[in-house]
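Working notes, beginning with the structure itself.
The values are calculated or read from the model by the stated rules, or taken from the named source; none is laboratory data. Note that the coordinates shown come from a computational prediction; the quantities given were computed from them, not determined experimentally. Every residue, glycine among them, receives a Cβ derived from its backbone with ideal geometry; neighbour counts consider all protein chains shown.
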Amino acid sequence: MSRDPSAKKERQLKLVEKLKEDPFLTDEELAEILSVSVPTVRLDRLEIGVPELRQRIREMASRNLNKLRALNSEEVIGEIVELNLGESAISILDTTEQMVFAQSKIVRGHYIYSMAESIAIAVIDADVALVGVANIKYKHPVYAGSKLVAKVSIKQRRPSGKYIVWVMIYNKQVEVFRGKFLLVEIPKA
């Protein structure tokens, strides 16, 4: 039985393209997108040298921890996988059963807010920054086992040391939380 090598090459190129768009796609999600089996995705990843999801996340997170200024790495809720101080950032959070309300199984809002707040503070290129005002909206419930992706961008920096920062949190590319933060840079004492 002969297989078309050009179809395989095209599939592998599409796999790389999809991971550039969303580096947090699981093998199962990639299999669905590419209309192939999960073992095929794994073989393709191995062949082209793309590590599994957990390894990709660990590598991205370790490259960004030493850039933090306003927070220690232990204070960040989630893992920072991309950090451009003074511009933008991306973090992820794997939700667990310990984060949910017992009756509804919905992740408690303070975990989602804490993720947004900590990544918003982390992106500020300052030694100390605090939230002055937060305008937030929970758009969809989140359940245990969801992988949340927070995307942050600084929309404005004012000369007074105030920043307008937008945070959007997604679950499987569906926006579940949106926040607009006014952050204030605090001079070190």
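List the pairs whose first member sits in segment 75-95 and is on the phi > 0 side of the Ramachandran plot, whose second member is in a loop (DSSP other than H, G, I, E, B), and whose Cβ atoms are under 7 Å apart, counting only residues at least 6 apart or on separate chains?
G86/D125
Working only within segment 101-140, note down all residues that are farther than 23 Å from Y163 by Cβ and among the hydrophobic types (A, V, I, L, M, F, W, C).
F101, A102, I106, V107 - these are the residues of segment 101-140 that are farther than 23 Å from Y163 by Cβ and among the hydrophobic types (A, V, I, L, M, F, W, C).
Among Y170, Y163, which is the only one that is assigned to a strand (DSSP E or B), within 23 Å of R54 (Cβ to Cβ) and out of contact with any helix residue (DSSP H, G or I) (no Cβ under 8 Å at 6 or more places or on another chain)?
Y170
A quick yes/no check of all residues on (1) at pLDDT 85 or above; (2) in the same structural domain as T95 (by TED's automatic domain parsing):
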site: K14; (1), (2): yes, no
site: E28; (1), (2): yes, no
site: I33; (1), (2): yes, no
site: D44; (1), (2): yes, no
site: A61; (1), (2): no, no
site: N72; (1), (2): no, yes
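What about A134, is it touching a Gly at 6+ places or on another chain (Cβ under 8 Å) and touching a residue at least 60 places away in the same chain (Cβ under 8 Å)?
no
What is the one condition in (1) modelled with pLDDT of 90 or more; (2) under 28 Å from A31 (Cα atoms); (3) β-branched (V, I, T) that I119 does not satisfy?
(2)
So in segment 130-153, with the set limited to residues that are among the small types (G, A, S) and touching a helix residue (DSSP H, G or I) at 6+ places or on another chain (Cβ under 9 Å), which one is surrounded by the most Cβ atoms within 10 Å (Cβ to Cβ)?
A150
Select, from Q173, Q156, the only residue that is under 16 Å from the mean Cα position of the chain (by Cα), at pLDDT below 95 and either surrounded by fewer than 19 Cβ atoms within 10 Å (Cβ to Cβ) or among the acidic types (D, E) (or both).
It is Q173.
Go through (1) at pLDDT 90 or above; (2) within 19 Å of V149 (Cα to Cα); (3) crowded, with 16+ Cβ neighbours inside 10 Å for L53 and report which single condition fails.
(1)
Of the residues K139, K105, which is in contact (Cβ under 8 Å) with a residue 24 or more places away in the chain and either over 19 Å from the mean Cα position of the chain (by Cα) or within 22 Å of R56 (Cβ to Cβ) (or both)?
Matching residue, one of K139, K105: K105.
Can you find even one residue in segment 11-18 that is over 20 Å from S91 (Cα atoms), surrounded by fewer than 15 Cβ atoms within 10 Å (Cβ to Cβ) and of a type in the set (D, E, K, R)?
Yes.
Within segment 91-108, how many residues are of a type in the set (G, A, S) and assigned to a strand (DSSP E or B)?
Of the residues in segment 91-108, 1 are of a type in the set (G, A, S) and assigned to a strand (DSSP E or B).
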